[in-house]
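Nothing in this text is a laboratory measurement; each read-out follows from the coordinates by a stated rule. Here the structure is a predicted model, which means the values were calculated and not measured. Using ideal geometry, Cβ is built from the backbone for each residue, glycine included, and neighbour counts are taken over all protein chains shown.
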Amino acid sequence: MALDAFRGERRGAGDTPAARARRGLLVVGSFVVLLYLIEIINTLMFHSLNRTFGLRPRSLDGILDILTFPLLHANLAHLLSNTLPLIIFGFLVFLSGLRVFVTALASSWLGSGAVVWLIGLNVTVGASGLVFGLFAFLLVRGFINRNWWQILLSVVLFMAYGSILFGVLPSVASFVSWQAHLGGAIGGVAAALLLGAGREGRLRTR
């Protein structure tokens, strides 16, 4: 069996690394463009969307805000700070396939929202929970899959971006939503465990 640092699912003969890279850039790039379009509209509306669709902790109708709060940002600078890591981490996750990307993104999204809803203090917006979730997924999946190439990638990413993990600590990130960061990271680890368990299950049936 050939080693593949980004193996996440069974692929067809036409599903080459180059094709996955192109699809990854398209999907992740389109998502980022969507965030900027929403930010433009939100800015024209004096960021009134944040009050309506930002996540309101421990509010029953705020549960639905879990679906919308990562799409909104406090301002353009807030969105810019999330853009590059979201593109890098999202692209690297997508190299394992669409299913892996959707699972990691959805788990990070829900984990971030759930923790903010449970223990958040203020109305929260921003995609940083997704950034932390995708980053956490990339850090741990190699150890779960026992894939040395993925472990090597996680080491490189940790050396380059590991300092952002301080963002899950209340004492360090009190001025931002550390709850969203923590929840996203939990969701990313959960996705790696879920996908790793599914992979092991398939291997046992052979």
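So if we plug the beta-carbon distance of R51 and H78 into 1/(1 + (r/R0)^6) with R0 = 22 Å, what FRET efficiency do we get, rounded to 0.05?
0.90
Quick test of the membrane-span-like rule: which DSSP H helices of the chain reach at least 27 Å along their long axis (C-alpha atoms) with mean Kyte hydropathy at least -1.0?
The answer, listed by residue number, is 17-44, 98-119, 178-204.
Could you give the distance between the Cα centres of the range 34-92 and the range 103-119, to the whole Å?
14
Given (i) 45, 38, 32; (ii) 54, 33, 32; (iii) 57, 36, 26, which label gives Cα extents along the principal axes in Å as computed from the coordinates?
(ii)
Quick one: length gained pulling T43 to V176 fully straight, 0.36 nm per residue minus the C-alpha distance?
Additional length available on full extension: 45.9 nm.
With a cap of 15 neighbouring Cβ atoms within 10 Å, and only residues DSSP puts in a loop, list the trypsin sites (Lys or Arg not before Pro) found in the range 15-115.
R58
Be a star and scan the range 85-123 for residues whose amide nitrogen sits under 13 Å from the point 7 Å along the Cα-to-Cβ vector of R22.
In the range 85-123, the label zone of R22 (backbone N under 13 Å from the point 7 Å along Cα→Cβ) covers no residue.
Taking the Cβ-Cβ separation of F166 and L67 as r and a Förster radius of 25 Å, what is the calculated FRET efficiency to the nearest 0.05?
Once the sixth-power term is evaluated, E becomes 0.35.
Sort 106-114, 60-68, 183-191, 149-157 for me by packing, meaning the mean count of neighbouring Cβ atoms within 10 Å per residue, highest on top.
Top of the packing list down: 183-191, 106-114, 149-157, 60-68.
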